[in-house]
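Undergrad: First the structure, which I've put down as C-alpha cells, then a few questions once you've had a look.
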Amino acid sequence: MTPSLIAGCAWVLAACLIAPLPIRKQILPGTVLGLGGIALLFWIGAENGWLWTAVGLFAFGSLFRNGFKAIPALMRGEKLEIPDH
C-alpha cells in the first residue's frame, strides 16, 4: 500500500472520529479535513492513478455530503440553522 493510500485511510478514520461531535464542534476540524482531503486526492492521483482517485473522491463526497448541500444555500444568501446539540 502506498503512503498516499495509508494517509487516505487515516483521513477517513479522522473524519469518522469527528462525525459524532455536535455540529458546532465539527466546523473547524471539518474544514481542516475538507481542505486536507482535496490535497490528499491530488496526492493519491499522482501516486496511484485515476481509479484510486475516484474511490477517494467517492469517500470524500460521502463524508461531506451535508456540507455540500449547504453550499448552494449559502450562495443564495440563506441563513443556515445550526443545532446546539
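Undergrad: Can you tell me which residue is modelled with the highest pLDDT among those in the range 62-85 that are farther than 19 Å from Pro20 by Cα and hydrophobic (A, V, I, L, M, F, W, C)?
TA: Met75
Undergrad: Quickly run through the range 10-25 and pick out the residues that are surrounded by 12 or more Cβ atoms within 10 Å (Cβ to Cβ) and more than 12 Å from the chain's Cα centre (by Cα).
TA: The answer is Leu21, Ile23.
Undergrad: List pairs: first in the range 72-85 and of a type outside the set (Ser, Thr, Tyr), second modelled with pLDDT under 80 and open to solvent by less than 60 Å² (accessible area, probe 1.4 Å), Cβ under 6 Å, 6+ apart or cross-chain?
TA: Close Cβ pairs (under 6 Å, with a partner that is modelled with pLDDT under 80 and open to solvent by less than 60 Å² (accessible area, probe 1.4 Å)) amount to Leu80/Ala70.
Undergrad: Related question: For Leu63, state whether it is out of contact with any strand residue (DSSP E or B) (no Cβ under 8 Å at 6 or more places or on another chain) and without any contact (Cβ under 8 Å) to a residue 24 or more places away in the chain. I'd like the intermediate steps shown before the answer.
TA: Values: out of contact with any strand residue (DSSP E or B) (no Cβ under 8 Å at 6 or more places or on another chain): yes; without any contact (Cβ under 8 Å) to a residue 24 or more places away in the chain: no.
Spelling it out, it is not the case that Leu63 is out of contact with any strand residue (DSSP E or B) (no Cβ under 8 Å at 6 or more places or on another chain) and without any contact (Cβ under 8 Å) to a residue 24 or more places away in the chain.
The values are calculated or read from the model by the stated rules, or taken from the named source; none is laboratory data. Quick caveat: nothing in here was measured; it's all calculated off a predicted structure. All Cβ positions, glycine included, derive from the backbone under ideal geometry; neighbour counts span all protein chains shown. Keep in mind that these areas ignore ligands, DNA and RNA; they rest on the heavy atoms of the full protein, side chains included. Shrake-Rupley method; radii C 1.70, N 1.55, O 1.52, S 1.80 Å.
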